[in-house]
Amino acid sequence: MEAPKLIAGLARLMRDVGRAEELAQDALVAALKQWPEEGVPRNPAAWLMQVAKHHALDAARHEMMARRKQEELGQALADEGAPMPDLDAALDDEVGDDLLRLIFTACHPVLSKEARLALTLRLLGGLTTEEIARAFLVPEPTMAQRIVRAKKALSDARVSFEVPQGAELGERLASVLEVVYLIFNEGYAATVGQDWVRPALCEEALRLGRILAARAPQEPEVHGLVALMELQASRLRARVGPDGEPVLLLDQNRARWDRLLIGRGLAALERGQQLAGAAPGPYLLQAALAACHARAHTAEETDWHRIAALYGVLGHVAPSPIVELNRAVAVSMAEGPAAGLRLAEALADEPVLKRYHLLPSVCGDLLSKLGRHVEAAEAFEQAIALTRNVKEQALMAERAASARAAAAG
């Protein structure tokens, strides 16, 4: 979790996100070697930054000797006997938020939209290439090549490490918001690993979202994203059971929902809606959906008809097979499982959903409610094969077993 902060601080000095990531990895490797023998330091983050700074300083000195004319690493060397620039102090000279600078650098227009998202998740979210590939529903080798090319493109273009101003800020904001939300989603529902949720990622995404809201207070979609994340984060404690097992929305103990985060989310939603007027964007619409759940004190009080209608609007504003799958769930709750199943099964040929485990999972749930237990078990088993999260696999296996038992009994 310290890697993004290391990369951001180093990128400000090195002006090269690829080099910065390498230096951060060097510091982490040093920790793996020294901490088992010497013990974990009292302040691990400070230790990592200090080691990273030393590596950066060594690299900078080496480059100065090899390329004396390189402007950003010390014009003072042009005069014989000139003092070495204080690069160590430069690393500590934080002006603004380095993580915010890093995310806007990674979202520079020189990169394709897909490359911006992938690179920012790698640098700021600390996600592995495999995790990012799962988030984008693409093969891992494709994602690896995308990230390498993105870092090279930024280096070749000598992109400045700064937060844009004026019109340029607005142009790059949509990509930045999408990246922040993807980081949040990986924390809210981890794609791989032993944990169902990764709260630290949610907290980092929320922090970035709040910084963006302070920097762009007149942008309704920024407030919409913050509202959406606040409302969803309010459920984190209720999303897992005592042993870390997933607890689905309708089964959650709503007394465990964080009322402070709900209040903050509803306030952010109101600010965004006032700014947007009659034309809410996709994040405001998703926040409005989350607010329907937040306002329902029990699962039975949920206004599923409104949720289904909001998904219909969202499908026009930001068309997506995943939005349609969510609408199918809402319709099933509002009009019955048969209506929802028709919508879900109509998505079977969507290419983006071929490797998406929630499509067979949703179908399995609806088939179970309709008493079609054998088909339900087969759908849950298909979902098991598609997910890489251990907790989710266990949940699907339990549901498949229940369906098999119901079919036999």
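Here are the numbers for the structure shown:
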quantity	calculated
Count - residues of the range 275-294 that are part of a helix (DSSP H, G or I) and in contact (Cβ under 8 Å) with a residue 24 or more places away in the chain	13
Matching entry among 324, 270, 300 (being of a type in the set (Asp, Glu), part of a helix (DSSP H, G or I), buried (at least 19 other Cβ atoms within 10 Å of the Cβ) and more than 20 Å from the chain's Cα centre (by Cα))	324
Selected residue (criterion: modelled with the lowest pLDDT) from residues of the range 165-210 that are of a type in the set (Val, Ile, Thr) and over 20 Å from residue 101 (Cβ atoms)	192
Verdict on residue 307 being closer than 21 Å to residue 265 by Cβ and among the β-branched types (Val, Ile, Thr)	yes
Near pairs, Cβ below 7 angstrom, 6+ apart or cross-chain, from the range 172-185 (in a helix (DSSP H, G or I)) to any residue that is modelled with pLDDT of 90 or more and surrounded by fewer than 19 Cβ atoms within 10 Å (Cβ to Cβ)	none
Scope the range 351-391; condition surrounded by fewer than 18 Cβ atoms within 10 Å (Cβ to Cβ), assigned to a loop (DSSP other than H, G, I, E, B) and modelled with pLDDT under 95; matching residues	354, 355
Single residue of 338, 403, 334 found to be over 23 Å from residue 189 (Cβ atoms), surrounded by 15 or more Cβ atoms within 10 Å (Cβ to Cβ), at pLDDT 95 or above and more than 29 Å from the chain's Cα centre (by Cα)	334
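Listed here are the residues, each with its yes/no results for (1) touching an Asp or Glu at 6+ places or on another chain (Cβ under 9 Å); (2) modelled with pLDDT of 95 or more; (3) closer than 23 Å to residue 347 by Cβ.
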{"site": "234", "(1), (2), (3)": "yes, yes, no"}
{"site": "240", "(1), (2), (3)": "yes, no, no"}
{"site": "268", "(1), (2), (3)": "yes, yes, no"}
{"site": "291", "(1), (2), (3)": "no, yes, no"}
{"site": "315", "(1), (2), (3)": "yes, yes, yes"}
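The values are calculated or read from the model by the stated rules, or taken from the named source; none is laboratory data. Predicted, not measured: the structure shown is a model, and the values here were computed from it. Glycine also receives a Cβ, built like all others from the backbone with ideal geometry; neighbour counts cover every protein chain displayed.
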